[in-house]
Amino acid sequence: MKLMYGMGLITLAQIISYLQLQGQGKWLFFKENPYLIMFLGLPIGYLLIMSTSNINEYFGATWQGRLIGQGIGVIIFALMSFLLFKEQITIKTGICITLALIIILINIFWK
């Protein structure tokens, strides 16, 4: 349960982080209010701290959480870019997403 909770928190943090950093390219409000948007860093930071705590407790080590978080970040970035900016998922991007998924699965299932 701690693993799934931690992964869910990382996913939410990555989504909010994507919106915080890339939102200026989509919405004028984000571009015109960088100091206000900057405060999204507070919930992002909290979510990442809590996800790290849960995943590290599940595995008893830090590397798995780092690699799982990186993999989730790659997948979220690609999906959000596709959904919000209509950026196509090229063969190269598809391979990177596949590799990210493989990294996640290796860290979850390889004991």
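Values quoted throughout were computed directly from the atomic coordinates according to the rules given, and no laboratory measurement underlies them. Bear in mind the structure is a predicted one, so any value in this text is a computation, not a measurement. Glycine also receives a Cβ, built like all others from the backbone with ideal geometry; neighbour counts cover every protein chain displayed.
Within the stretch 60-97, the set of residues being surrounded by 12 or more Cβ atoms within 10 Å (Cβ to Cβ), in contact with a helix residue (DSSP H, G or I) (Cβ under 6 Å, 6 or more places away or on another chain) and not hydrophobic (A, V, I, L, M, F, W, C) comprises Gln64, Gly65, Gly69, Gly71, Gly73, Glu87, Thr93. Kindly provide the set of residues from the stretch 17-33 that are over 13 Å from Leu84 (Cα atoms) and of a type in the set (Lys, Arg), ordered by number. Within the stretch 17-33, Lys31 is the sole residue that qualifies.
Here Met7 does not fit the description of being among the hydrophobic types (A, V, I, L, M, F, W, C), more than 25 Å from Leu99 (Cα to Cα) and in a helix (DSSP H, G or I).
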